[in-house]
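Chemist: My questions all concern the structure below.
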Amino acid sequence: MIYTVCGKINKSDMGPTLSHEHFKWESNEEFSLRMYFERKYNEQEIESDFERLVPVIKELYKLSCRTIVEASPPIGGQNLKLLKRLSEETKVNIVPCTGWNVNKSVYKLFPNKFREQLAKRWVSDFNEGLDVLEGTIIRPGYIKLLLDRGKISEVDIEMIKAAIIASKETGMPIHCHILEAEMVYSVIELLEGENADFSKFLWAHADKEKDLETIKYAASKGMWIGIDTIHYGEYKEYIELLKNIINSGIKDKLLLSQDYDFIEEMDRTGNIKSCISFFDEFIPYCLNEGFDVKTISDIIVSNPAEYYNIP
Ligand SMILES: [Zn+2]
């Protein structure tokens, strides 16, 4: 099953999917965490964000998009009330998450049982729901983590281990933002040490460095590969990367998306063009470049349905 803000759906109903987008990243952590821990929302802001986001999502629906995975973790301001209203209004499924929900320096104060406590909370987010809105228990569809750059930090190691515990217990996949290919080797070692299921682990932003050797190595372990920052106007280099990945026989491990912050992007450009460009421009570009319809459909329909499925 796929867990959306309007309840669970069959994986066969997921349809063409953007596997990693943000409607609005919230930099005010205090405000974000009040939504997560106390379920306190700012109704006025929801209203104005709703008005701005509906046209984009409706346009995406017209272009055949049926599901959007909203990748903002609790600390990034995931707003369930807004997400649910948007999904009801546009009929696009929206998949929320749990995961990064605490300032990482808290680990320095409470290193003991940090991992167990985090895992416990994420399991309870799944079992009890992140929130209950108009009678709908909203469960997270995955666990979102963001690893810092450089050598993998102690707190990030603990967060990954917590995610593995929670994933084993609930079936939620782990969606992990890793910007540097070099770090992937440490993560693989860690996952092996914990006997983790690689088919539940996504390397988000594998396209940042476009390091084909590391991508092939990660996929050979069973890890999912996020080619998820496909931005308007940068298609040429993505096509090259995708062709190389597909020729390496790892098409079945790919997840695609744009990773836009929709509100920020609309503020920057003054229109919705880039936010809808994956379906409006990129897919036609791929077809023009010789990709066949079945390959594209396997990647944007079958793959997310496989990765996000919670049995
Ligand atoms: Zn993102």
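Chemist: Under 14 Å from the Cβ of R34, count the other residues' Cβ atoms, weight Lys and Arg +1, Asp and Glu -1, and hand me the total.
Modeler: Around R34, the surrounding residues sum to -4.
Chemist: Could you line up T17, T229 from fewest to most neighbouring Cβ atoms inside 10 Å?
Modeler: Lowest to highest Cβ neighbour count: T229, T17.
Chemist: Between E30 and T295, how many nm apart are label points set 7 Å from Cα along the C-beta direction?
Modeler: Once both label points are built, they end up 5.2 nm from each other.
Chemist: Assigning unit charges at the beta carbon (Lys, Arg +1; Asp, Glu -1) and nothing else, what dipole magnitude in debye, to the nearest 20, does the stretch 2-307 show about its Cα centre?
Modeler: Around 680 debye, computed over the stretch 2-307.
Chemist: Among W100, L190, V132, whose Cα projects farthest towards the positive end of the dipole of the stretch 2-307, with charges put on the beta-carbon of Lys, Arg (+1) and Asp, Glu (-1)?
Modeler: Highest projection toward the positive end goes to V132.
Chemist: Placing +1 on the Cβ of each Lys and Arg and -1 on the Cβ of each Asp and Glu in the chain, which of Y285, Q44, P173 has its Cα farthest towards the positive end of the resulting dipole?
Modeler: In the chain, that residue is P173.
Chemist: All other residues with a Cβ under 10 Å from the Cβ of A204 taken together, and with Lys, Arg as +1 and Asp, Glu as -1, what is their net charge?
Modeler: Around A204, the surrounding residues sum to -1.
Chemist: Using 0.36 nm times the number of residues separating I246 and K108, minus their current alpha carbon distance, what extension gain do you get?
Modeler: Residue separation times 0.36 nm, minus the Cα-Cα distance, leaves 45.4 nm.
Chemist: Show that you can apply the helix-only estimate: for the chain, add -39,500 (n - 2.57) for every DSSP H stretch of four or more residues, divide by all residues, and state [θ] at 222 nm to the nearest 500.
Modeler: Rounded to the nearest 500, the figure is -13000 deg cm²/dmol.
Each value in this text was obtained by applying a stated rule to the coordinates, not by laboratory testing. In this text the structure is predicted, and so the values were computed from the model without any measurement. Quick reminder, even Gly has a Cβ in these numbers, built from the backbone with ideal geometry, and neighbours come from all protein chains shown.
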